[in-house]
Structure formats: structure tokens, C-alpha cells
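The values are calculated or read from the model by the stated rules, or taken from the named source; none is laboratory data. Given the structure is predicted, the values throughout are model-derived calculations rather than measurements. Note that we place each Cβ from the backbone using ideal geometry, even for glycine, and neighbour counts take in every protein chain shown.
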Amino acid sequence: MFIITCPFCGERDQSEFSAGGEAHIVRPKQPTELSDDEWADFLFMRKNIKGVQFERWNHAHGCRKWFNVIRDTSNDKIHAVYKMGEKPPVK
Amino acid sequence: MSENFRSLETKFLDKTNRISFKYNGKKYYGYKGDTLASALLSNGVHLIGRSFKYHRPRGIMTCGSEEPNAIVQIGGSGSFTEPNVRATEQEIYEGLEASSQNCWPSVEFDVGGINNFISPVIPAGFYYKTFMWPKKLWYSLYEPAIRLSAGLGKSPTQPDPELYDHNHLHCDVLVVGGGISGIIAASISSDNGNNTVLIEDKNSLGGSTIFQDDENFKINDEKSSVWLNNQIKKIKNKKNLTIKYRTSLAAYHSYNYLLARENLTDHKSLNERSNKLRQRLWKIRAKKVILATGAIERPLIFNNNDRPGVMLASSVKKYIDYFGVRCGNKNIIFTNNDSAYETAISLNKKGINVSIVDIRNNSSSMLVKNAKDAGIKIYWNHTVVNTKGYRRIKSIEIMKMSEDGTNVIGSKLNLVCDNLSISGGWTPMVHLFTQSGGKLKFRDSDQVFIPNTATSDQISIGSCNGDFELDDIIKNTISDCKNFLSLSSTDFDLLKVNCSKQKESKNIWLLPNDKPLGKTKPFLDFQNDSTAKDIKLAMREGFRSIEHVKRYTTTGMGTDQGKLANMHALGIISETAGVKMGSLGTTTFRPPYTPLTFGTIVGRNVGTFFDITRKTPMHDWHESHKAKFENVGQWKRAWYYPKENESMYQAVQRESKAARESAGILDASTLGKIDIKGTDASEFLNRVYTNAWSKLGIGKCRYGLMLNEDGMVYDDGVTTRLSENNYLMTTTTGGAANVLSKLEDYLQTEWPELDVWLTSVTDHYATASVCGPNSKNILKKLFPSIEFNDVNFPHMSFKNAELDGINCRIMRISFTGEHSYEINIESKYGKSLWEKCMDAGKEFNITPYGTETMHLLRAEKGFIIVGQDTDGTMTPIDLQMDWIVSKKKYDFIGKRSLYRSDTMREDRKQLVGLLTDNPNEILEEGAQIVLDEKKQPIEMLGHVTSSYFSPNLNKSIALAVVKNGKKLKGQKLLVPMKDKTINVTVSDFIFFDSKNERLNA
Ligand SMILES: [Zn+2]
């Protein structure tokens, strides 16, 4: 069980958070213009990386804020935490 | 009178406190501080149980958690009994009752022992191979047979009456293990301002050093045990240090999150325990962790190495030096290293007969010199090729080994003994290190896996880090702690340590024998009875991965998790396969390190504390009016209100009729309520619901359907525009939390530009829903100042009101199809609101109805329940709700998905009504629907989602999802049941008042 530093509340136990899948998948502004394949790509396709992954997390049992986390899925090491709308601090 | 094997020279037991206990019904005595194992050994009892597969007699082998054989049942029958307790860990208490497991009719005479004589036919994978064909024999023959003869112990037949607890613990430094290195580490850590916790699984500190009496091992010119004893006295007074005894670490997760089980009463007599906590699970978050978990002695793998009386040499030493118990009168030590010589010297000093068989050619250490000087007979370059004795070892046969160690030569020598102490070297206990994600490396020089890289802030010290000699242990413990805690010096820096050093070592995983492997029984896993030949057989049959071999042969899969002989299994595999041992990897060590009771795992979360129970403000009223309740998520909802001896069916029929004929009242407080505020609230609703919201007037209500982005129906409910920029959304009872978090997700991540604020107000308001032709008359009495007519207060509108000075909101909305009102009031007035409605409704025979009647009434109207008539695969089009999907809106959640080729398929499962040909026949919800029963395989067209007998229509009605259902109106279909087939006809799904005339009645 890891510790996540909520950008609004600080260090908290993982049990206070819920995971929201891959980050930086932007909902298309004009869905009707997209082909079935393009829409399916947005809707269903996720990278599910073993290694460093950009993820969304929600402080569900805390401030209810969504934010981004850079986590290594192979060892749960968290490299960075940053707010929604902010640029990732590393590439 | 049986022989007494105890000499009371030991200072570790309370000699004034003699304790009686029962083992297999017979009374024995021991002393306070004894384990069940040491007490039994002092009474000369070695035979403890039968092995799992061959039912071979097995005895106590070790003195700790690695014990594979001495597994007993504690307590008699009933709720206090506990199986699979290691006799080597269980402390005795007055009145303890223990019994052998896995033997019938008794441990002395065991019917299953016949397996031993037929064992050539029980090779590796026996269960996989034998009990496969013919398949039909499985239930009648194989499974009962396996269940009868297998299984370790008996589970309790009643609920566990004891108390368990969970507790959180935060510390700077956690030290695991109270042996010499753990004590030094805890001392250094706490002296330097760290809030430190030391946990030890035994009832006292000091590990094996505390009973080290050998003159070769000295610290600052004192015997190591004397020096350590003084250190223990000192650390007990340190204010930064908490010591927890009888506390074993079960799991080590990432980020230094650890679980430990503290045993509080298992060592106490039954009357000392009453109403006290039995065990506590500590949930530990440590900034830094120091593992000092020690090492476990390895056995040696040779023919018949499993007889009672064959024990680990270090354990024999602990029994004599700590417990004062000799494990035999004529002892033979069989070893490949120096440490077993400590046991020999200790026995010899006490005048107990001992000799040594060593597979090495010689050893030049001080220890060995001492043994030689004491006149102990040593057989160099010899190995044991056989042991004899059924219930207890009686003699062994030894032979000289060839130069390369692969063969035996010369003639057999028979040696009489009643104990064989074996030592194959040491295995560092790296289980916890690897559980935390640490990676191991293999050290070729002495063939051990030791910690390499850790993923969290931790170190391993002492023998769990691969240091086995006292000077190395102390020197490295001090320097590693200094680095780890960033210290320049410690109080221990100038310690002077002397010890005997081992120079010659030799390791043979499977010792040679004069007989071929097939004719011998060299056991690897004592609990699961797997032998070296099982491993080789598995490899011949093509298994290569250690994980596969382990499962196929069941090596390392018992309650001891293969703590003893996993290394030998690896060694034999690598030798057979001809690969380097380090490259083979190890099996994965998974938590818990030692088994946990279920009680510890669940703690206080049992019975009513198992889950949160949510009750509405009117709950007490329902209860006092004999309501039956239904669980909806965590909510308790009134299900129906039976009168006198009414059945559920009768109550629901009565309630349903009353609601349509005069007036009914429902507690709707559990519906999710979300307060939506902000200048963009209307735009927000436009984006989350399928229908249009911009034009909804203030004071008006609208039904909305919410989809997932994949186009499937997610939730529904009525939303009311309270004022220009304020809406009150209602959701389904079960969906409330998910809807809120989904809406928050979109607001925060996709549409942060919208000025919208969401607040859950589900618990803030209580809701009474009054329906039926007389609902208007009841409301008139309650709210005399409001004009209740269709012009001033039409269907789908709302008014603020006051009930005896308390603010309410009244929505004229309907889920039953009747003229009806929902009254929201602050929660604390909920019960009073309900009672006032009941009072005012009395003259109209107002009838409280529960969720079952609500479901029936809405089904008559063909209103869906999300989650009952939908299952995450239904679009609004599938539900024939095209009318609610806006064609004009450019976008809303899920819109694009409604135009995917799959969601546009016309033969999808669609919502329909079903009428049974016999109007009295009620379908079962979930029943499958088919067209043709004769054509195999039968095609499933769909299933029944809702089904009731409608008292208002006087016939059975049902909702169903059926493939291509929209086009099947009038089609005859079949619902096959276990004992009959029911004929049905597809119908419209609005069964009652299809013109909605009653809404305005
Ligand atoms: Zn937060």
C-alpha cells in the first residue's frame, strides 16, 4: 500500500484515493467529426504500461480533487504528482 | 513412570511454576516458559503426527516457525479449537489441550500408514494424474476419499467468540527481530533520537546468542550471552524504544507498510483470558525498516531423513541450553559445517553421549579442535545412507564418500542412536525482504541468496543478510546502521569480538547413497512428503521453472511454506538441469510469512460492524410498524409492511391496490441528491444528460437519463430547477456516490472552464412520496396556503413551502404513474413529516408501501430501474427511450457512441413487455427466453428483468430484454423452467394507463 502526496492535502494513505486510469487522454472536442475507429481509440484504448506511467488519481475520501501522478507500475514508485491542467514536471 | 529428560539447570524457565497440560488425552507437566514442543520432549514424546501423503510417523524437528511436522490441534471441539498450530511456537498454559492431526485412529497406529508401503505408486503429481479419469468418479469416489485421508486439522464448527483488534502504528525506525543484531540496531536507533519499535515473535529477546555458553564466543571479554543479557536490560529502559513481544511480522508491503500480529492471550490459561483481546493486527507505517530476521538451519537430504528423532542441530542446542531438555541419550550429529559442533560440545559438557558424522574431510577451527579435545568421536568424510526405527530413530548407517562426493564407498557402519541432529548450513530469512519488492543475489561461496537491492528505505542486518559469524554480524550491523541512520559514531564502535571461524565448507544438496534414488526416500518437504526423486521425476516429465516444479511436486506448499528445504529443491533442480543456481531464481515468497487467523484479519469488522448501515430518518417508524427491510447498497429500505399474518405477496398486492385506489406513502429518502450551483449549471446538465436542459423554467422538474461515454445507460432521475443557477439532481439510491464522482471527474478534468459546484445532499434531506388519487387532498391539509391545482402546481413542477414553520420543498413528480408529490424536508424533521402525512392521510386510508410495491407500480407503467432492467449494455435506444435523446444537441456524454456500428445494430437486445399466456403464471426474474426448445443448441434470446402479478390489472406482467425485441411484438416465445416451459407473448411494456391520464386525475 503506497503513500500518495495529494497536491491539495499532502501525504495520505493510498486507501483514501481511487485510481482513474491513464492520464492526458483528452475528450475530443468534436466527437461527431470522428470516425468509429478514432472514437474507439479514445474510448477503449489504454497503454497499460509496465514501468513509468502517467495516471489520474482522485482523493476520493479527502478533498475529492482529481490530479495526475507519474508512477512506475512495476514497483509503485511515484515520481511526481501534479494538478489537473498542469504540464508534467518531467518528460 | 516414564523417563524425565529435563535437567533444571536452565535459567530461562520459571521453575516454581509447574504447569499441567494434556496431549492426545494424556496428562503431562512442563514449566512456565516452555513451548508445547519443549514440554513434550522433556517427557520423552517425539512422535507428534503423521505426514500428509504417506502418513509416515513424524516428530518435532525444529524450535520455531519453520517447523514442518509438529503441527497440532489446540483446544477440544467447538468454537475455541484451532488447527495447524506449531507445537514449537505454542507456549503451554495450565489446562492446555492439544492433539495430533492427520492421523486416524491414533498417532501410534495410523491406517493411512499403509500409503507408506505402497508409496512407489504415489509419485509426484499423483493427485493430478490419478484423480483425472474417469471424470464422473470425481464426486462419488475421489473427492470423498481425498477429503477423508487428507486435510490438516479440524476447523471450528462455531463462530469464533474471541476478540480481535486492529491498530495503526507510526514510527521512525522499525526493527524486526530481537536477536543480537536487532538489539544492537534498536539500541543505536533509539539512542539517536529515533522513535523506534522493536518486534520479536518470541516471548523474550536475545535469539540464539542469549543461550550461547561457549567460551569461543566473547564480546568485550565476556561470554556473548552475558554481554547480550546486559544489553537487553539496558534497552528495556530506553524511552524512545517500544518493544513488542509475541509479535510476528506477517507482511511487508511497499512504502514500508507492514502488518504484524501481536499475540496477547494464547499463552494464558483459559480463565485468565476471558473478555480480553486475543490478537491484535498492527498496521505499521515506518519511515525506515531494519530487518534482523535471522537465518534458519538447513537440513541434509539423505535416505529416510524424516524419522522422529531427526532434528535440526541448532534446535537440539536450544532445547538443551535454553529449555534444559535433552532430545536423546545417545546423540549423533550429522553436519557439513562447524555450527553443529556447538551442539556437540554443549551436549558433551552436560555428560550426554554424542558423536559426529561430518561430510567434510576436516575442519581446522577452534570449535572442532575443542570437540576433538573433549574426545568426541568424529567420522570425517562420511554420510548417512539410511536410518532405522519406526516411531523413533534407533540407528543409522553411514558410509565413506568418494573423493568427488558423488558416491559412497567401502562398507556400511551401523551406529546406534536415539537422536540425529542434522545441519546443512544456514539459509538467511529473506522472505520479508523479497515481499517488500527487494531483489536477491546468489552468493556462490556458501550457496545462499542474500538481499541485493531494496525498493524502500530499509536494510537487512545480521544473519538474514548473510553474516553467520559473530564478529561479522556485530561489525556489519554497526557499520550498516551508521550508514542507514547517518551517524558518525555509536556506543558500540569499540566492541571487541572473538569467535571461532569456519575455514572448510562443503555442500551437497542430495547426499550420495549406495542404493539408486528410486529405492530411497530423501525428503525435501517434510509436511507435503515430497522427496528428491519427485523433483527429478518432475524434471524428467519436462517441468523446468521452479514455480512449476514446486506446484507439481507440492514442494514448499505446506503451512511452513517450505522454509526448510526450498534451497535444496532449487539445488537439485539446478544440478539436474545443469544450470547455475543463481540463474534459476527462487520461488516467490508471499505474505503472510506465518499463517494468520481469520479473526486477526477481520479484527472488529464482524457482525453488525461488518459494513456501515445507513438508515433513513423515518427508520424507527418503519421498524415500529413491522416493516421488513431490504438492503440497497448500505441502506436499509422498508421493503413491505405485512399486516398480521400476511405473506410478502399478500402485503405487496394490498399496498399496490391502495396506492392506486386512494393514497400510498413511500420513504424515498435514500435517493441520491446532488445540489448543483453555478452560472454554467444549465450548460453542465446539457452535457451530462441526453435531453435538453437550457429551456427548463425555474420551478420546473425534468426526468433525465445519463449515459456512460460508451453510450450505455448509467443512471436516471428527476432534476429540479430551484432558481436561476441552482438545480437539485436526484439519482438512483445505489448510484448516488458514483454519479457524484463521475460528474466531479468531468467538471475537474474535461470542463474546468464551467462555473459549477456540486454538493452531495443525500443525507441532508428526508423525502416522503405521497401518491394516489387522494394525494392532493392530503397535501391540501398539510399545506393549506398552497393552491393544489393543475394550473398553479402542474405535474413536473416544484414549490417551496412551510410545514408548521419548517421549510420544505414539494415536487409534483411521479414514479408510479399516479398523481403524486415528493416532499423534501431537513433530515431531522423527516420522521415528523412522515407522521404528519400519515395523520393527514388517515381519513383516506393512506397506506405505507415499501420498495417492492414501488417496483411493481412502476413496472405497471413500464418505467425502468437502472441496474435491474439495464446492466451496462443497454443504450436508451435499446430501452425504446429514443424520445429522451436529443437530436439537436451537438454533444453530451455518450452521444458519439450511440452512432457506433455496434450500438446501431437493429438486432440488439431491447426492452419489451412479456405477458404470460396463463395470466396467473408469474415469471421468475432472470429466467431465460427462447424461441425454439427443440433446435440444439438452444439460442438464448434474452431474459426476464422484472416480473410481478399486477393487482391493478389482475394479471401477470413482466419486463424483459430480448434480441431484436422491438420487432417481435405479438411473437410467442418460451421461458423454459426446471419443471415446465412457460408460454409468453411479447407485448408493449407500458401495461397501465398508457395515456398518462392518472397523473392529472
Ligand atoms: Zn486531497
For this session: Filter the range B:750-788 down to residues that are among the charged types (D, E, K, R) and within 14 Å of chain A (Cβ to nearest Cβ) and give me whichever is surrounded by the fewest Cβ atoms within 10 Å (Cβ to Cβ).
Result: B:E753
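Hand me the list of strands (runs of 3 or more DSSP E) wholly inside the range A:14-79 holding 2 or more residues that are away from the ligand (no atom under 16 Å from the Cβ) and facing chain B (nearest Cβ under 8 Å). Give the derivation first.
On the way: elements: A:18-22, A:52-58, A:66-72.
Here the list is empty.
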For this session: Kindly list the number of the only condition in (1) more than 19 Å from B:I893 (Cβ to Cβ); (2) within 16 Å of the ligand (Cβ to nearest atom) that fails for A:M84.
Result: (1)
Exercise. Within the range B:708-733, which residues are part of a strand (DSSP E or B), surrounded by fewer than 23 Cβ atoms within 10 Å (Cβ to Cβ) and of a type in the set (A, V, I, L, M, F, W, C)?
Worked result: B:V718, B:L722, B:L728
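So how many residues does the range B:184-206 have that are assigned to a loop (DSSP other than H, G, I, E, B) and farther than 16 Å from B:T10 by Cβ? Write out each step before concluding.
Kept after step one, since they are assigned to a loop (DSSP other than H, G, I, E, B), are these residues of the range B:184-206: B:192-195, B:200-206.
From what is left, the residues that are farther than 16 Å from B:T10 by Cβ are B:192-195, B:200-201, B:205.
Residues in the range B:184-206 being assigned to a loop (DSSP other than H, G, I, E, B) and farther than 16 Å from B:T10 by Cβ: 7 in total.
Kindly indicate whether B:L564 is in contact (Cβ under 8 Å) with a residue 60 or more places away in the chain, in a loop (DSSP other than H, G, I, E, B) and closer than 25 Å to B:P57 by Cβ. Before you say what the answer is, go through the steps one by one.
Numbers: in contact (Cβ under 8 Å) with a residue 60 or more places away in the chain: yes; in a loop (DSSP other than H, G, I, E, B): yes; closer than 25 Å to B:P57 by Cβ: yes.
Yes; evaluated as a whole, the condition is true for this residue.
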Exercise. Among (1) modelled with pLDDT of 95 or more; (2) touching a strand residue (DSSP E or B) at 6+ places or on another chain (Cβ under 9 Å), which single condition is B:I478 missing?
Worked result: (2)
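Here's the yes/no breakdown for (1) surrounded by 22 or more Cβ atoms within 10 Å (Cβ to Cβ); (2) at pLDDT 95 or above:
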| position | (1), (2) |
| --- | --- |
| B:L36 | yes, yes |
| B:L41 | yes, yes |
| B:G59 | yes, no |
| B:S79 | no, no |
| B:E94 | no, no |
Exercise. Somewhere in the range B:506-520, is a residue among the aromatic types (F, W, Y), within 33 Å of the chain's Cα centre (by Cα), modelled with pLDDT under 95 and assigned to a loop (DSSP other than H, G, I, E, B)?
Worked result: no
Exercise. For the range B:734-749, does any single residue satisfy the condition of being away from chain A (no Cβ under 14 Å) and surrounded by fewer than 20 Cβ atoms within 10 Å (Cβ to Cβ)?
Worked result: yes
Exercise. Is it the case that some residue within the range B:816-832 is more than 27 Å from B:E630 (Cβ to Cβ) and surrounded by fewer than 22 Cβ atoms within 10 Å (Cβ to Cβ)?
Worked result: no
For this session: Scan (1) at pLDDT below 95; (2) closer than 19 Å to B:R660 by Cα for the single condition B:N789 breaks and write down its number.
Result: (2)
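Residues in the range B:876-889: is at least one free of Cβ contacts under 8 Å to residues at least 24 places away in the same chain, within 14 Å of chain A (Cβ to nearest Cβ) and over 22 Å from B:I990 (Cβ atoms)? Give the derivation first.
Of the residues in the range B:876-889, the ones free of Cβ contacts under 8 Å to residues at least 24 places away in the same chain are B:882-883, B:887.
If we keep only those that are within 14 Å of chain A (Cβ to nearest Cβ) as well, we get B:887.
From what's left, over 22 Å from B:I990 (Cβ atoms): B:887.
Within the range B:876-889, one or more residues are free of Cβ contacts under 8 Å to residues at least 24 places away in the same chain, within 14 Å of chain A (Cβ to nearest Cβ) and over 22 Å from B:I990 (Cβ atoms).
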Problem set entry | Enumeration of residues in the range B:199-242 that are farther than 22 Å from B:H431 by Cα and aliphatic (A, V, I, L, M) | B:I210, B:I219, B:V226, B:L228, B:I232, B:I235, B:L241
Seminar exercise, completed: Quick count over the range B:49-97, residues being under 19 Å from B:R326 (Cα atoms) and of a type in the set (K, R), is 1
Exercise. Looking only at residues in the range B:227-263 that are in contact with a strand residue (DSSP E or B) (Cβ under 6 Å, 6 or more places away or on another chain) and charged (D, E, K, R), which one is nearest to the other protein chains (Cβ to nearest Cβ)?
Worked result: B:R261
For this session: Name the strands (runs of 3 or more DSSP E) wholly inside the range B:621-707 in which the number of residues that are under 17 Å from B:G830 (Cβ atoms) is 1 or more.
Result: B:628-632, B:635-640, B:664-667, B:672-677
Problem set entry | Number of the exception - A:F8 against (1) within 15 Å of the ligand (Cβ to nearest atom); (2) aromatic (F, W, Y); (3) at the interface with chain B (Cβ under 9 Å from one of its Cβ atoms) | (3)
